[in-house]
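Worksheet: one structure, shown below.
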Amino acid sequence: MILGETTMTEFKKAVRKAQTLILPLGTVEAHGTHLPLNTDTLVIREVVRKAAERNDKVFMAPPLQYGVCTSTGDHPGTIGISADALRLIVTDIVKSGHRCGFRNFLLISGHGGSLHVAALREASESLAATLEDTKMAALSIYETLGNDARDIVETSNDSHAGEAETSLVMFLAPRLVKGRAKEEYPHFPRPYILKEKVKYWKGAVWGDPGKATREKGEALFNLMVDKVEVLVKGFDKVR
Ligand SMILES: [Zn+2]
């Protein structure tokens, strides 16, 4: 079920059966010279849409299109929000969803940034502790893929706008892929917080877009949809 496409009357009836609200989270973030700024939102929105359309016990909330972007914060086009803002907005959405009747909340991100995901987890911990009868899960979709993705993606160190994401956009929205950026593997001198991030990561690519294909994108997409279905079923098993 798609929340934004449901009327008040339809919702009232459907929510009696639906326990779970999935909130897809994306970014407006530089993804090389070849992928759109909304790559993370596009991918996770379509994955969750497919999973939610198949299951009348699940609603997909309209995606949150802004996230916490650190390494790409100075690249052209990136518009990020703070971790404080992300915690607040996610908290408000879940509290409001709880008043509507949802009890399980899956916050699933198409962006794997560590501060971004940490903010989602932190908000989820306090929501689970304070909201009655509520189960929370917060993660990046890429955390769920593990060995299954290794059968599809050849690049071992693929992370951002590389083989995986390029393949996914080639499958989901081919008109938005503008050629291919060059292979790139940045080296950040950790643990230092860099002021001139673009100097260390010129192309905003981490991986090899040249290895991307539409077929790999379709396989990754189907794998991601399966993983979301497993996550939804998992709510029944945890306390
Ligand atoms: Zn991305």
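Looking only at residues that are of a type in the set (Gly, Ala, Ser) and in a loop (DSSP other than H, G, I, E, B) in the range 192-209, which one is nearest to THR39 (Cα to Cα)? Looking at residues that are of a type in the set (Gly, Ala, Ser) and in a loop (DSSP other than H, G, I, E, B), I get ALA204. Of all residues in the range 87-114, those that are in a helix (DSSP H, G or I) and within 16 Å of the ligand (Cβ to nearest atom) total 1.
So, LEU23, is that one in contact (Cβ under 8 Å) with a residue 12 or more places away in the chain, closer than 23 Å to PRO209 by Cα and within 15 Å of the chain's Cα centre (by Cα) or not? Considered against the rule, which asks whether it is in contact (Cβ under 8 Å) with a residue 12 or more places away in the chain, closer than 23 Å to PRO209 by Cα and within 15 Å of the chain's Cα centre (by Cα), LEU23 comes out as no. Of all residues in the range 1-20, those satisfying the criterion of being closer than 24 Å to LYS233 by Cα, among the aliphatic types (A, V, I, L, M) and free of Cβ contacts under 8 Å to residues at least 60 places away in the same chain are MET1, ILE2, LEU3, ALA14.
Screening GLY73 with (1) within 16 Å of the chain's Cα centre (by Cα); (2) among the small types (Gly, Ala, Ser); (3) at pLDDT below 95 gives one miss only, at (1). Residue count for the range 10-64 under the criterion of being surrounded by 18 or more Cβ atoms within 10 Å (Cβ to Cβ), of a type in the set (S, T, N, Q) and within 16 Å of the ligand (Cβ to nearest atom): the result is 4. Within the range 155-171, residues that are within 9 Å of the ligand (Cβ to nearest atom) sit with their Cβ atoms under 8 Å from residues that are part of a strand (DSSP E or B) and of a type in the set (A, V, I, L, M, F, W, C), at 6+ positions apart or across chains, in these pairs: SER159/TRP206; HIS160/TRP206; ALA161/LEU35; ALA161/TRP206; GLU165/LEU35.
Residue under question is ILE79, and the condition is that it be within 16 Å of the ligand (Cβ to nearest atom), in contact with a strand residue (DSSP E or B) (Cβ under 9 Å, 6 or more places away or on another chain) and under 25 Å from GLY101 (Cβ atoms); does it hold? Even if it seems obvious, please write down each step before you answer.
Numbers: within 16 Å of the ligand (Cβ to nearest atom): yes; in contact with a strand residue (DSSP E or B) (Cβ under 9 Å, 6 or more places away or on another chain): yes; under 25 Å from GLY101 (Cβ atoms): no.
Considered against the rule, which asks whether it is within 16 Å of the ligand (Cβ to nearest atom), in contact with a strand residue (DSSP E or B) (Cβ under 9 Å, 6 or more places away or on another chain) and under 25 Å from GLY101 (Cβ atoms), ILE79 comes out as no.
The values are calculated or read from the model by the stated rules, or taken from the named source; none is laboratory data. Since the model is a prediction, treat every value here as computed from it, not as a measurement. FYI the Cβ positions are ideal-geometry reconstructions off the backbone, even for glycines, and counts take in every protein chain you see.
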